[in-house]
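Participant: I have a structure here, written as structure tokens, and I will follow up with some questions on it.
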Amino acid sequence: MSESQRVHAGRLMRVNHVGEVCAQALYAAQAASTDNEELRASFTDAAREESDHLAWTAERLRELDARPSLLNPLWYAGSFALGWIAGRSGDANSLGFVVETERQVEEHLAGHLERLPVEDARSRAIVSAMQRDEREHAERAERDGARPLPAPVARAMRGVARVMTTTAYWI
């Protein structure tokens, strides 16, 4: 890869790393806020799977000589708060939040596959694996009884995600 391609790939992987930081917070908050033991276990399992993604993206950042977002504590805190709110709104809504989140992440990752340099096979493999796992998390939440979120909530989530991804690309 050229230097500019490496820098661009590093920034995209920083965005993906932030997404995994957020996933850890969301699933931890949702697990903590439900009274349903089976659902708590499901959220905990998903967080464990997402921790693989966190490790993969952190390692890839090092390989690309890129750094994590300086705002990771803020991303984590905000995501934990959103996860807690989703969790306290009821299990079906909480699962609906998972579905919407994972579907949006899946789309976001598809965009990264288009934007990553063709020469960056390693990052592309990581993003593809993450995309498959996110799809499985959404499907599991649907099977567990997710209630679709109202359109304004889904749009608001998209807006927040856009701010986060744009900011994380640079900071």
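The values are calculated or read from the model by the stated rules, or taken from the named source; none is laboratory data. In this text, all values refer to a predicted model and were calculated from it rather than measured experimentally. Counting neighbours? That spans all protein chains shown, and the Cβs are built from the backbone with ideal geometry, glycine included.
Participant: Report, by residue number, each residue of the range 76-125 that is among the aliphatic types (A, V, I, L, M) and outside any helix (DSSP H, G or I). Give the derivation first.
Facilitator: Step one: list which residues in the range 76-125 are among the aliphatic types (A, V, I, L, M), which gives 77, 81-82, 85-86, 92, 95, 98-99, 105, 109-110, 113, 116, 118, 121, 125.
Hits for the range 76-125 are 116, 118.
Participant: Next question, about the same structure. Looking at 107, 100, 134, which one is acidic (Asp, Glu), crowded, with 18+ Cβ neighbours inside 10 Å, out of contact with any Asp or Glu (no Cβ under 8 Å at 6 or more places or on another chain) and under 16 Å from residue 161 (Cβ atoms)? It would help to see each step written out before you state the result.
Facilitator: Details: 107 fails: crowded, with 18+ Cβ neighbours inside 10 Å; 134 fails: out of contact with any Asp or Glu (no Cβ under 8 Å at 6 or more places or on another chain).
After ruling out the rest, the residue left standing is 100.
Participant: Further, regarding this structure: Please find, within the range 86-126, the residue that is farthest from residue 16 (Cα to Cα) out of those that are among the hydrophobic types (A, V, I, L, M, F, W, C) and over 17 Å from the mean Cα position of the chain (by Cα).
Facilitator: Start the filter on the range 86-126 by keeping residues that are among the hydrophobic types (A, V, I, L, M, F, W, C), which leaves 86, 92, 95, 97-99, 105, 109-110, 113, 116, 118, 121, 125-126.
Then drop every residue that is not over 17 Å from the mean Cα position of the chain (by Cα), which leaves 92, 116, 118, 121.
On the way: 92: 27, 116: 12, 118: 17, 121: 16 Å.
Only one residue tops the list, namely 92.
Participant: Output the residues belonging to the range 46-72 that are loosely packed, with under 15 Cβ neighbours inside 10 Å and in a loop (DSSP other than H, G, I, E, B).
Facilitator: 65, 67, 70
Participant: Check off (1) more than 25 Å from residue 147 (Cβ to Cβ); (2) modelled with pLDDT of 95 or more; (3) assigned to a helix (DSSP H, G or I) for residue 32 and give me the number that stays unchecked.
Facilitator: Unmet for residue 32, out of (1) more than 25 Å from residue 147 (Cβ to Cβ); (2) modelled with pLDDT of 95 or more; (3) assigned to a helix (DSSP H, G or I): (1).
Participant: Still on this model: Could you say which residue among 10, 87 is touching a residue at least 24 places away in the same chain (Cβ under 8 Å), under 21 Å from residue 124 (Cβ atoms) and surrounded by 15 or more Cβ atoms within 10 Å (Cβ to Cβ)? Don't jump to the end; show me each part of the working.
Facilitator: On the way: 87 fails: under 21 Å from residue 124 (Cβ atoms).
None of the other options fit; the residue is 10.
Participant: Continuing with this model, one more query. Would you say residue 90 is in contact with a Pro (Cβ under 6 Å, 6 or more places away or on another chain) and farther than 19 Å from residue 10 by Cβ?
Facilitator: On the way: in contact with a Pro (Cβ under 6 Å, 6 or more places away or on another chain): no; farther than 19 Å from residue 10 by Cβ: yes.
So residue 90 does not fit the description; no.
Participant: Continuing with this model, one more query. Take the range 56-86 and flag every residue that is closer than 20 Å to residue 139 by Cβ and either of a type in the set (A, V, I, L, M) or at pLDDT below 95 (or both).
Facilitator: If we filter the range 56-86 for residues that are closer than 20 Å to residue 139 by Cβ, which is where we start, we get 83, 86.
Scanning the range 56-86 gives a single hit, 86.
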